[in-house]
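Remarks on the structure that follows.
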Amino acid sequence: MKASDFPLTLSPEVATALELGSPVVALESTVITHGMPYPQNLQTAKEVEAIVRANGAVPATIAVIDGVLRVGLDEAGLEQLARTGFEASKASRRDLAVLMVARKTAGTTVAATMQIAGLAGIAVFATGGIGGVHRGADETFDISADLMELAATRVAVVCAGAKSILDLPKTLEVLETNGVPVLGYRTDRFPAFFSRDSGLPVDHRVESAEQVADIIIAQASLGNTGGILVANPISEGDALDGAAIEERIAEAIAEAEGKGVTRKDLTPFLLQRLFELTGGKSLVANIALIKNNAALAADIAKALAARRVAGGRGASA
Ligand code: PSU
Ligand code: MN
């Protein structure tokens with residue numbers, strides 16, 4: 001690719017960090033536009049960036065602003081996204097090229113953020129929850145492109161598992177089929193976003209950020225092009241009561257079915273309804289777990305950067 005064809009615009013801070021091999025953490029932006037209401041979305045986005053910095057890495061929030069694929073947003077960019085909210089597009093892999101040409105503004109999903117992070121050379125990405133196989137997918141075929149991106153793109157994604165708005169057993173099956181390692185961070189159980197245990201096991205347990213960095217490097221040495229999923233449970237103090245949240249989720253899903261909400265509108269609708277049905281408790285938990293993930297991602301990025309320095313170019317993942 002000619003330099004002039006490079007489709008990304010890196011902030012000066014992110015560009016410098018990547019050139020120096022300093023730790024960088026990618027952050028998604030659909031959670032800003034479609035995942036939380038204003039102004040909590042803006043405040044959370046800023047706090048998450050601050051946590052990444054406090055943990056010694058450079059945050060790179062990724063979004064499409066007026067058709068430009070931006071890696072690393074300034075305050076004005078974050079504010080524009082947060083205020084635009086649902087008026088912005090929700091960009092997955094299939095949308096990026098079209099949005100570039102139409103000069104639109106969009107939050108990027110986990111799939112699109114991974115794709116852009118991969119192009120930029122960012123190896124670690126923090127989010128809240130990934131998309132997955134929706135309940136009823138045997139009829140609707142609604143399987144998030146996040147899973148296919150995890151199969152295809154070499155980025156490690158730190159999440160708090162996935163919400164049980166999804167069919168979690170099927171979600172884990174698709175990850176397995178696609179060869180994506182699912183690592184439980186200090187847990188044997190796949191977390192269910194608001195709660196620490198979905199009742200399902202993870203493939204492998206890890207105890208430290210350094211261990212994750214070693215696995216990222218080992219995976220790259222195998223020539224695998226796919227990603228890694230690090231499942232980091234919400235802290236005990238922030239977790240919601242599993243049975244109560246399950247009831248609210250069932251209500252929200254029933255409403256979505258009644259109203260005929262499907263496809264890309266389904267996840268944002270369910271998140272919004274959960275917020276209302278839990279009297280805002282889902283949002284408080286959501287904010288806490290994203291921050292928790294940002295801190296762990298920064299630690300992984302630091303450990304990875306240290307290994308690359310120690311190992312020279314051969315250790316690049
Ligand atoms: N799950 C959440 N919060 C979110 C999302 C998922 O708990 O904000 C967002 C993420 O950006 C994710 C996207 O990548 O929704 C998945 O959407 P879909 O199911 O349409 O692929
Ligand atoms: Mn979908």
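Read-outs: derived from the displayed coordinates by stated rules, not from any lab. In this text, all values refer to a predicted model and were calculated from it rather than measured experimentally. All Cβ positions, even for glycine, are placed from backbone atoms using ideal geometry, and neighbour counts span all protein chains on display.
Please sort by residue number the chymotrypsin sites (Phe, Trp or Tyr not before Pro) in the stretch 65-159 whose DSSP state is loop and whose Cβ has at most 11 other Cβ atoms within 10 Å.
Counting only loop positions with at most 11 other Cβ atoms within 10 Å, the chymotrypsin sites (Phe, Trp or Tyr not before Pro) in the stretch 65-159 are PHE141.
Let me know the charge dipole size of the stretch 198-273 about its Cα centre in debye, to the nearest 20, where only the beta-carbon of Lys, Arg (+1) and Asp, Glu (-1) is charged.
The dipole magnitude comes to about 420 debye.
Compare the Cα positions of ASN286, SER22, LEU175 along the charge dipole of the chain (+1 at Cβ of Lys, Arg; -1 at Cβ of Asp, Glu; about the Cα centre) and return the one farthest towards the positive end.
Among ASN286, SER22, LEU175, the one farthest towards the positive end of the dipole of the chain is SER22.
How much length is gained on full extension from ALA76 to VAL101, taking 0.36 nm per residue of separation minus their Cα-Cα distance? Show your work: numbers first, answer last.
Working: separation 25, 0.36 × 25 = 9.00 nm, distance 2.22 nm.
Result: 6.8 nm gained on full extension.
Taking +1 at the Cβ of each Lys and Arg and -1 at the Cβ of each Asp and Glu, which of GLY242, SER208, GLY77 sits farthest along the dipole of the chain towards its positive end, judged by Cα position relative to the Cα centre?
Value computed over the given set: GLY77.
Placing +1 at every Lys and Arg Cβ and -1 at every Asp and Glu Cβ, with all other atoms neutral, what dipole size does the stretch 45-152 have around its Cα centre, in debye to the nearest 20? Working shown, then result.
Numbers: 10 positive and 13 negative charges, 41 e Å.
Dipole size: approximately 200 debye.
Which peptide among 170-181, 249-260, 284-295, 198-209 comes first, and what is the full order, when sorted by highest mean count of other Cβ atoms within 10 Å?
Taking the mean over residues of other Cβ atoms within 10 Å, the ranking is 284-295, 170-181, 198-209, 249-260.
Summing +1 for each Lys or Arg and -1 for each Asp or Glu, what net charge is found among the other residues whose Cβ lies under 15 Å from the Cβ of MET100? Can you show the working numbers first?
Working: positive: ARG70, ARG93, ARG94, ARG103, LYS104; negative: ASP5, ASP66, ASP95.
So the surrounding residues net to +2.
Can you give me the long-range amide H partners of THR187? Hydrogens built in the peptide plane at 1.01 Å from N, cutoff under 5 Å, separation of 5 or more residues or another chain.
Those lying under 5 Å, H to H, from THR187 are VAL206.
As I understand it, the dipole of the stretch 62-194 uses +1 on the Cβ of Lys and Arg and -1 on the Cβ of Asp and Glu, about the Cα centre. Which of PHE86, ALA117, ALA145 lies farthest toward its positive end?
Checked the options; the winner is ALA117.
To the nearest 20 Debye, how big is the dipole of the chain about its Cα centre, given +1 on the beta carbon of each Lys and Arg and -1 on that of each Asp and Glu?
Roughly 720 debye for the chain.
Take the residue pairs LYS170/LYS291; LYS90/LYS281; LYS104/LYS163; LYS104/LYS264; LYS163/LYS291; LYS46/LYS170 and return only those whose Cα atoms are more than 22 Å apart. Intermediate values should be presented prior to the final figure.
Numbers: LYS170/LYS291 27 Å; LYS90/LYS281 24 Å; LYS104/LYS163 29 Å; LYS104/LYS264 17 Å; LYS163/LYS291 17 Å; LYS46/LYS170 34 Å.
From LYS170/LYS291; LYS90/LYS281; LYS104/LYS163; LYS104/LYS264; LYS163/LYS291; LYS46/LYS170, over 22 Å: LYS170/LYS291; LYS90/LYS281; LYS104/LYS163; LYS46/LYS170.
Once the other residues with Cβ under 13 Å from the Cβ of VAL157 are scored (Lys, Arg +1; Asp, Glu -1), what is the net sum? Mind showing how you got there, number by number?
On the way: positive: ARG154; negative: GLU28, ASP146, GLU149.
Here the count lands on -2.
In nm, to one decimal, how far is the modelled label at ASN178 from the one at LEU20, with both set 7 Å along Cα→Cβ?
Result for the modelled spin labels: 3.4 nm.
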